[in-house]
1. For a quick check of your reading of the model, give me the residue pairs whose first member lies in segment 149-160 and is in a helix (DSSP H, G or I), whose second is among the hydroxyl-bearing types (Ser, Thr, Tyr) and at pLDDT below 80, with beta-carbon atoms closer than 9 Å and at least 6 apart or on different chains.
2. Which of the following residues is assigned to a loop (DSSP other than H, G, I, E, B) and at negative phi: 286, 238, 210, 231?
3. Kindly check whether there is at least one residue in segment 246-263 that is modelled with pLDDT of 90 or more, in a helix (DSSP H, G or I) and either β-branched (Val, Ile, Thr) or under 30 Å from residue 48 (Cβ atoms) (or both).
4. Given (1) surrounded by fewer than 18 Cβ atoms within 10 Å (Cβ to Cβ); (2) out of contact with any Phe, Trp or Tyr (no Cβ under 7 Å at 6 or more places or on another chain); (3) at pLDDT 85 or above, identify the lone condition not met by residue 341.
5. Considering each residue of segment 184-212, count those that are farther than 14 Å from residue 245 by Cα, among the small types (Gly, Ala, Ser) and surrounded by fewer than 18 Cβ atoms within 10 Å (Cβ to Cβ), and give that number.
6. Considering segment 152-198 alone, what residues qualify as being modelled with pLDDT of 85 or more and not aliphatic (A, V, I, L, M)?
7. From (1) touching a residue at least 12 places away in the same chain (Cβ under 8 Å); (2) out of contact with any Gly (no Cβ under 7 Å at 6 or more places or on another chain); (3) in a helix (DSSP H, G or I), pick out the condition that doesn't hold for residue 194.
8. Collect the residues in segment 57-71 that are at pLDDT 80 or above and of a type outside the set (D, E, K, R), keeping them in residue-number order.
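The values are calculated or read from the model by the stated rules, or taken from the named source; none is laboratory data. Everything quoted here is computed from the prediction, not taken from an experiment. No Cβ is skipped: glycine too gets one built from the backbone with ideal geometry, and neighbour counts run over all protein chains shown.
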Amino acid sequence: MSVGLLALLDDVAALARVAAASLDDVVAQAGKAGTKALGIVIDDAAVTPRYVVGFAAARELPIVWRIAVGSLKNKLLFLLPGALLLSYLVPWVITPLLMLGGLYLCYEGAEKILHALVPAPAQAEDTVATGPQDAQAQEDQRVRGAIQTDFILSAEVMALTLASLTTESTVTQAAILAVVGIGVTLLVYGVVALIVKADDAGVALAANDRPASTLLGLRAATPGAASGPDRALRPVTRGFGRALVVGMPYFLSGLAILGTAAMLWVGGGILLHGLEHFGVTAPAHRVHDAAKWMAAAVPSLAGAAEWLTTATLSGLGGLVVGGLTIPVAQFVLAPVTRRVRALFGSAKAQAAPAGH
């Protein structure tokens with residue numbers, strides 16, 4: 001019996017080692033795939049805070065939570081099964097879809113730069129209605145719009161992840177896609193929650209006369225005068241609070257710029273790798289050679305110089321491609337989309353009476 005028990009324990013230990021190795025592989029590949037989606041993550045974190053602009057402070061975190069839940073549903077209920085199905089049935093379509101997503105990223109980045117250089121005509125600001133029903137309807141509309149935008153970005157994240165996987169196991173692929181999807185969602189919307197509440201936290205810190213006694217406002221102040229630690233800490237917390245309030249607009253602007261640049265270099269890089277896949281290797285080789293030359297020119301910073309050169313050239317290529325797609329999107333795709341929506345709306349309006 002003792003020999004049998006030892007053999008059983010040895011089998012259990014072997015299974016545990018296999019499971020641990022599989023888990024390590026899932027985590028390692030998920031981390032590697034997640035870094036390739038960095039540009040999309042940054043842009044998502046830069047764009048999402050605008051969806052809570054105009055609402056009461058008490059509604060900011062609930063709105064972010066609703067968008068985060070919608071984002072998880074996008075990734076886990078729709079995109080993950082769809083990605084696995086495409087990979088199993090028509091794996092050849094992954095690269096073209098990935099390139100289409102890269103083209104979209106280039107278009108979005110180029111359009112943002114165009115709007116920054118040539119601002120659109122001023123329009124009436126989207127204000128929040130005062131009535132409770134109207135305000136709720138507008139909140140629902142904002143959340144739906146954010147989730148629809150997130151669907152496009154999430155699709156690109158999942159496609160990037162799937163294209164970078166080295167395992168052929170469907171279960172492992174599903175686990176990696178789930179880990180990346182959940183991790184990216186937590187990262188993006190955790191950062192968004194911190195961003196949208198940073199100014200409120202700054203105001204609270206600047207107005208707190210007893211930061212030590214209240215644990216930076218986490219608990220209510222007890223009656224009495226400010227203590228020595230309160231007086232010592234107060235200048236620091238007040239200064240930091242004011243810096244948060246003043247600095248957040250600049251931080252958001254910088255994040256938006258970084259997000260735009262990231263979209264261009266990620267989109268350009270996707271297109272370069274996609275062209276390589278179809279036998280057009282010259283553009284990618286030129287970028288690779290330039291990056292190696294720059295790394296050799298600055299040996300002390302070889303890794304950083306190589307990465308920066310690759311990102312810069314990929315971004316410039318993405319900017320050119322994105323700029324070329326703007327007229328197509330504005331003068332061909334946009335009118336067609338409006339026409340289709342108008343026809344769909346007309347057909348829906350005509351069918352409504354029959355439904356009643």
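1. If the second residue must be among the hydroxyl-bearing types (Ser, Thr, Tyr) and at pLDDT below 80, the pairs left are 149/48; 149/51; 150/48.
2. Result: 210 is the single residue among 286, 238, 210, 231 that is assigned to a loop (DSSP other than H, G, I, E, B) and at negative phi.
3. Scanning segment 246-263 turns up at least one residue that is modelled with pLDDT of 90 or more, in a helix (DSSP H, G or I) and either β-branched (Val, Ile, Thr) or under 30 Å from residue 48 (Cβ atoms) (or both).
4. With (1) surrounded by fewer than 18 Cβ atoms within 10 Å (Cβ to Cβ); (2) out of contact with any Phe, Trp or Tyr (no Cβ under 7 Å at 6 or more places or on another chain); (3) at pLDDT 85 or above applied to residue 341, the lone miss is (3).
5. The qualifying residues number 2.
6. 181, 183, 185, 189, 190, 197
7. Of (1) touching a residue at least 12 places away in the same chain (Cβ under 8 Å); (2) out of contact with any Gly (no Cβ under 7 Å at 6 or more places or on another chain); (3) in a helix (DSSP H, G or I), only one is false for residue 194: (1).
8. Listed by number, the residues that qualify are 58, 61, 62, 63, 64, 65, 67, 68, 69, 70, 71.
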